[in-house]
Amino acid sequence: MSDWWRGAVTYQIYPRSFQDSNGDGIGDLRGITGRLPYVADLGVDAIWLSPIFTSPMADMGYDVADYTDIDPIFGTLADFDALLERAHALGLKVIIDQVLSHSSDRHPFFVESRSSRDNPKADWYVWADPKHDGTPPNNWLSVFGGPAWAWDARRRQYYLHNFLAEQPDFNFHNPEVRAWLLSTMRFWLERGVDGFRLDTVNFYFHDALLRDDPADFRRKSAPEVNPYGMQYHLFSKNQPENLLFLEDMRRLLDEYEARAMVGEMGESHHAIRMMGEYTSGRRLHKCYSFEMLGERFDAGHFRGQIEDFYAGAPGGWPTWAFSNHDVRRHVSRWARHGVGPEALAKLAGALLLSLEGSICIYQGEELGQTETELELFELTDPQGIRFWPEPIGRDGCRTPMVWDGGNASSGFSTGKPWLPVKAPQAARHVAGQRGDPESVLEFYRRMLRLRRETEELRVGRTRFFDVAEPVLAFTRGGTVLCVFNLSPERQEVVLKGGGAIALAQGAEHKGERLVLHPNGFAIMEATAGTEVADLAPAAHAPARVPGV
């Protein structure tokens, strides 16, 4: 089916942390292959593998030194082929990361590029002369803090790096660069992958005139923890030329049957609008941003993202996620809105898997996994180390998957894991939840089955009801009603119509009332004329007077 990706659920695997097969404490391809039956049994449609390519691992694989080979810590191309074959046999599509905006500084092309100003690869990366006073050519900042320019003594020029200095940016204004990058994608398509997740898809092109980025007029007067947030990134990324390259990529994928691309909209001030723009026409198949990966957990926010996307891009297609390898796990991030990790995990899972668009869930999310709190000496993430003790590092969500209670790493490895497995995370292992009807894992299986078997939940349009916070209510396709209490307090709404409940937590349907206990929700049949409304003011209990 060529449009399998519409409404599909993708399971993100962080290879370093999924399963170690050789005891070195780092997850690998053979380990992933051995665990694929578990993933298939969840009921997802596809897996996404974070980078597995040859890399010095300055940024855990997002600094690629060879785009057409596997890093030895993960295995070999033969191991990848075996994984691909096993996944397809289990009915799983395989999507792999593509880090195209930048390479490792150890990539042979960058080594050649920095050697002189007149070599064949001299213009493959973004180089610029210093200002007369020796400072960088403009004020662009790195996502990881500090200037986005690094000095190179051999060329006596600066080179651009939107992330680490070890991650120099390709010069996409050079057509040879674009053609070569497309050839690396073709390599994997020929090998049989079903698509790509495109890292920082809005970072490809930079402003050729190197104009300064202006200050972000919306920010507060106090400095940000990371100064990157103090600029409006008008010229360093988000350039219109990006759209033409996306069309080139789409033409490449259209040469193959049933392939798809999902782009990561990184650090954008207009993410929802750009998600629509990037998925309209013959560009990306789908796109996600960080709009649902932040602190906000309220009905107006979730409704606004859905409505804004479809209002601005009726032909586009979004992907929604609550957690991934770059952000604090949502059960911890939104803890203040819950009555406990398990109840909040089920509420969030039901909400995410009810949304219009495609869905991505992150390994361990189906266990209700929480963020791992780490000490400075335990960190490996350069962002986390640089901004310590601010909790903006990424190691806490990347700790190993926990499978059982059999050893110190809960079945992940027979050796010492690259990041520690701590007691709060070890307590939420697969073996302890499998078969328990009250567990988060078994709930996810039921919810994924409901989405898979209900066409309206996969591709039906959304109609929201005007109810007050903290209740979010909508129908999908006119036949499925979804009502969520996004708070740790009991809520009650008027429900006219509505049929059988398909899946619920803490919900009671009493006549024309739907009672939602803390973190309660109901997914049920929507009958003709179904309406959800706030209670009439007189129906509310009198406000409690303090001290009475």
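The values are calculated or read from the model by the stated rules, or taken from the named source; none is laboratory data. Predicted model only: the values in this text are computed from it and were never measured. For neighbour counting, all protein chains shown are included, and Cβ atoms are generated from backbone atoms with ideal geometry for every residue, glycine included.
Among the residues making up the stretch 190-202, those that are aliphatic (A, V, I, L, M) and either over 15 Å from Leu83 (Cα atoms) or without any contact (Cβ under 8 Å) to a residue 40 or more places away in the chain (or both) are Leu198, Val201. On inspection, Phe74 qualifies as crowded, with 23+ Cβ neighbours inside 10 Å, without any contact (Cβ under 8 Å) to a residue 60 or more places away in the chain and under 19 Å from Met401 (Cβ atoms).
Could you say whether any residue in the stretch 383-394 is at pLDDT below 95, crowded, with 18+ Cβ neighbours inside 10 Å, polar (S, T, N, Q) and not in a loop (DSSP other than H, G, I, E, B)? Within the stretch 383-394, one or more residues are at pLDDT below 95, crowded, with 18+ Cβ neighbours inside 10 Å, polar (S, T, N, Q) and not in a loop (DSSP other than H, G, I, E, B). Does Gly396 fit the bill of being under 20 Å from Arg434 (Cβ atoms), touching a residue at least 60 places away in the same chain (Cβ under 8 Å) and among the small types (Gly, Ala, Ser)? The answer is no for Gly396. Of all the criteria given as (1) outside the structural domain of Leu244 (by TED's automatic domain parsing); (2) crowded, with 18+ Cβ neighbours inside 10 Å, the one not satisfied by Leu181 is (1). Counted as qualifying within the stretch 429-492 are no strands (runs of 3 or more DSSP E), as none has 3 or more residues that are farther than 28 Å from Trp317 by Cβ. Would a scan of the stretch 54-67 turn up a residue that is among the β-branched types (Val, Ile, Thr) and farther than 30 Å from Leu448 by Cβ? Yes: one or more hits. Is at least one residue of the stretch 531-544 surrounded by 21 or more Cβ atoms within 10 Å (Cβ to Cβ) and either among the basic types (Lys, Arg) or modelled with pLDDT of 95 or more (or both)? The answer is yes; a qualifying residue exists. Here Glu373 passes the criteria (1) of a type in the set (Asp, Glu); (2) closer than 21 Å to Phe297 by Cβ; (3) surrounded by 20 or more Cβ atoms within 10 Å (Cβ to Cβ) except the one numbered (3).
For Ser101, the stated conditions hold: it is more than 18 Å from Ala258 (Cβ to Cβ), surrounded by 21 or more Cβ atoms within 10 Å (Cβ to Cβ) and among the small types (Gly, Ala, Ser). Each residue in the stretch 203-241 was checked for being in contact with a helix residue (DSSP H, G or I) (Cβ under 8 Å, 6 or more places away or on another chain) and either buried (at least 19 other Cβ atoms within 10 Å of the Cβ) or free of Cβ contacts under 8 Å to residues at least 40 places away in the same chain (or both), and 7 pass. Any residue at all in the stretch 418-431 that is farther than 30 Å from Glu525 by Cβ, in contact (Cβ under 8 Å) with a residue 60 or more places away in the chain and in contact with a Pro (Cβ under 7 Å, 6 or more places away or on another chain)? Looking for residues that are farther than 30 Å from Glu525 by Cβ, in contact (Cβ under 8 Å) with a residue 60 or more places away in the chain and in contact with a Pro (Cβ under 7 Å, 6 or more places away or on another chain), one finds at least one in the stretch 418-431, hence yes. Every condition in (1) within 12 Å of the chain's Cα centre (by Cα); (2) crowded, with 23+ Cβ neighbours inside 10 Å; (3) among the hydrophobic types (A, V, I, L, M, F, W, C) holds for Val327 except the one numbered (2). Taking the stretch 55-79 as the range and being among the acidic types (Asp, Glu) and out of contact with any helix residue (DSSP H, G or I) (no Cβ under 8 Å at 6 or more places or on another chain) as the test, the residues that pass are Asp63, Asp66, Asp71. Residues in the stretch 469-496 that are more than 29 Å from the chain's Cα centre (by Cα) and exposed (fewer than 15 other Cβ atoms within 10 Å of the Cβ) were compared, and the one that is modelled with the lowest pLDDT is Lys496. If you go through the stretch 134-174 and pick out every residue that is under 21 Å from Pro214 (Cα atoms), among the aliphatic types (A, V, I, L, M), part of a loop (DSSP other than H, G, I, E, B) and over 23 Å from the mean Cα position of the chain (by Cα), you end up with 1. Kindly check whether there is at least one residue in the stretch 504-514 that is in contact with a strand residue (DSSP E or B) (Cβ under 6 Å, 6 or more places away or on another chain), without any contact (Cβ under 8 Å) to a residue 60 or more places away in the chain, under 23 Å from Gly349 (Cβ atoms) and not in a strand (DSSP E or B). Looking through the stretch 504-514, none of the residues is in contact with a strand residue (DSSP E or B) (Cβ under 6 Å, 6 or more places away or on another chain), without any contact (Cβ under 8 Å) to a residue 60 or more places away in the chain, under 23 Å from Gly349 (Cβ atoms) and not in a strand (DSSP E or B). Picking from residues in the stretch 366-382 that are free of Cβ contacts under 8 Å to residues at least 60 places away in the same chain and assigned to a helix (DSSP H, G or I), the one that is farthest from the chain's Cα centre (by Cα) is Phe377.
Scanning the stretch 361-392 for residues that are within 30 Å of Asp45 (Cα to Cα) and of a type in the set (Gly, Ala, Ser) yields Gly364, Gly368. Of all residues in the stretch 263-305, those that are in contact with a strand residue (DSSP E or B) (Cβ under 8 Å, 6 or more places away or on another chain), within 19 Å of Gln98 (Cα to Cα) and of a type in the set (D, E, K, R) total 2.
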